[in-house]
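Below: one structure, written as structure tokens.
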2 protein chains.
Amino acid sequence: MHEARLTLYELAGADLELRFSPHCWKTRMALAHKGLVARCLPWHFTEKSRIAFTGLETVPVLEDRNTAIGDSWQIAQHLEQSYPDRPSLFGPAAALPLTAFVNQWVDATLLPAMARILLLDIHRLLIPEDQTYFRASREARFGATLEDIVAPVADNLHHLRQSLAPLRRQLRSQPYLAGATPAYADYCVFGLFMWARCTSSREVLTADDPIDAWRNRLLDAFGGMARSATRPFLPCVGGDDGR
Amino acid sequence: MHEARLTLYELAGADLELRFSPHCWKTRMALAHKGLVARCLPWHFTEKSRIAFTGLETVPVLEDRNTAIGDSWQIAQHLEQSYPDRPSLFGPAAALPLTAFVNQWVDATLLPAMARILLLDIHRLLIPEDQTYFRASREARFGATLEDIVAPVADNLHHLRQSLAPLRRQLRSQPYLAGATPAYADYCVFGLFMWARCTSSREVLTADDPIDAWRNRLLDAFGGMARSATRPFLPCVGGDDGR
């Protein structure tokens, strides 16, 4: 049952059930945190005309009654302001700028590191028109072919795991990045892990990484919403840990 | 005039006025934020016996009446709890875990990146006994000689500037990392810039980096306390910007 007034446009693969965008996952978790259920519509990179009414070119886009809001950070602000009686995404106002900083850390540092692992897996899951768009835009951004970007697998994994060091240290002393309970700062990072989970058979964490326990707690949150998300059909690959 | 009950042990160079430790600068800024003035004693790496009464092996160490507290993060907690009527270092309780995360980001990501630029400059400023200790411990930690660590200057600067991307993005929309006014999260990062300023003639930011304006604001804070800190005598080097 969704609330008729809320519609979320989410990036989808050729399999329309496959919703893998890290930014859309930030919004999914934020809606769940607020106890809100939206009608979630699949959207492809090349369907810009379908969201043209919003003036935006990328998703997530949230329609809330007569308003369209784009950008996952702006959507989180909107939800916090429009649903003040629901559980807070940020805690007191003083925590908002620091949550913004965590989001910047995720987007500037972790997202490019994770992209170097996933780009070719993502490409494989898109509709043909999106594949053309995705390859051209990402190869321009990274200055290399998708194949060359993902080729140094061990280096790319090492770099991601190193980049996660601040989270790993934080989780030594508390169960969530934001403290005793999860908040939007956690969802910002978790979105990246959903991006990996919903596109790739590769396990990005080592088996003994304390971040794994945190990820499991968030996979289980909200009735296991994230854990039950559609994942691509992935052939077994030798050496994979079968996650 | 210091308050007789507060004593801060700070790392010093061969020039005892030279106080450059990033962690000690976190504490200096925290004391100033609280409007507290401590008696600041110079300490060298190899003077472990002088702080043995604390059970600690590194500085900062703060003595507050009959208590000795080590570790800059623990000192910040102590100041917040012991001086609740002074300006808060963290804002509401919900901001504390997020400030801890910023501190983890600084120590796990920025500090090693900055160290690769400064290690040899620091070594030059120490007393001979500390030079031996410093070279052995840092070469073991980084797995290379000090000279080899700092040799790829351009790469090291590029890596540091890239690592600062989350701060740069954050400062697009607000004057301080923590929001409209500075807080301990800002001082955690600023300590690294004081480390550079008090040990090296190298300018680590490019001239057009928006982080520079933020650094200037903090250099000017508390009556210009940080700007007036002793810097080493550094010979003019061609190509340096003369900072």
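The values are calculated or read from the model by the stated rules, or taken from the named source; none is laboratory data. Quantities reported herein were computed from a predicted structural model and do not represent experimental measurements. For neighbour counting, all protein chains shown are included, and Cβ atoms are generated from backbone atoms with ideal geometry for every residue, glycine included.
When only residues in region B:43-63 that are under 21 Å from the mean Cα position of the chain (by Cα) and among the charged types (D, E, K, R) count, which is nearest to B:Ala93 (Cα to Cα)?
B:Glu63
Based on what the data block shows, is B:Ala38 under 17 Å from B:Phe190 (Cα atoms) and of a type outside the set (S, T, N, Q)?
Criteria not met by B:Ala38.
Condition check: of a type outside the set (Asp, Glu) and either in contact with a Pro (Cβ under 9 Å, 6 or more places away or on another chain) or part of a loop (DSSP other than H, G, I, E, B) (or both). Does A:Phe20 satisfy that?
The answer is yes for A:Phe20.
For a quick check of your reading: which helices (runs of 4 or more DSSP H) sit entirely within region A:43-156 and have at least 3 residues that are within 14 Å of chain B (Cβ to nearest Cβ) and out of contact with any helix residue (DSSP H, G or I) (no Cβ under 7 Å at 6 or more places or on another chain)?
A:72-82
Go through (1) within 14 Å of another protein chain (Cβ to nearest Cβ); (2) touching a strand residue (DSSP E or B) at 6+ places or on another chain (Cβ under 9 Å) for B:Thr181 and report which single condition fails.
For B:Thr181, the exception is condition (2).
Being within 20 Å of the chain's Cα centre (by Cα) and part of a loop (DSSP other than H, G, I, E, B) is the filter; apply it to region B:176-192 and report the residue that is surrounded by the fewest Cβ atoms within 10 Å (Cβ to Cβ).
My answer is B:Thr181.
Which of the residues spanning region B:157-175 are within 10 Å of chain A (Cβ to nearest Cβ), buried (at least 18 other Cβ atoms within 10 Å of the Cβ) and part of a helix (DSSP H, G or I)?
B:Ser163, B:Pro166, B:Leu167, B:Gln170
Within region B:106-146, which residues are over 20 Å from B:Phe20 (Cα atoms) and touching a residue at least 24 places away in the same chain (Cβ under 8 Å)?
Within region B:106-146, just B:Phe142 meets the criteria.
Every residue in region B:77-115 that is modelled with pLDDT under 95 and of a type in the set (A, V, I, L, M, F, W, C), please.
Correct list: B:Leu89, B:Phe90, B:Ala93, B:Ala94, B:Ala95, B:Leu96, B:Leu98, B:Ala100.
Any chance region A:49-59 includes a residue that's within 20 Å of A:Asp85 (Cα to Cα), free of Cβ contacts under 8 Å to residues at least 60 places away in the same chain and among the polar types (S, T, N, Q)?
no
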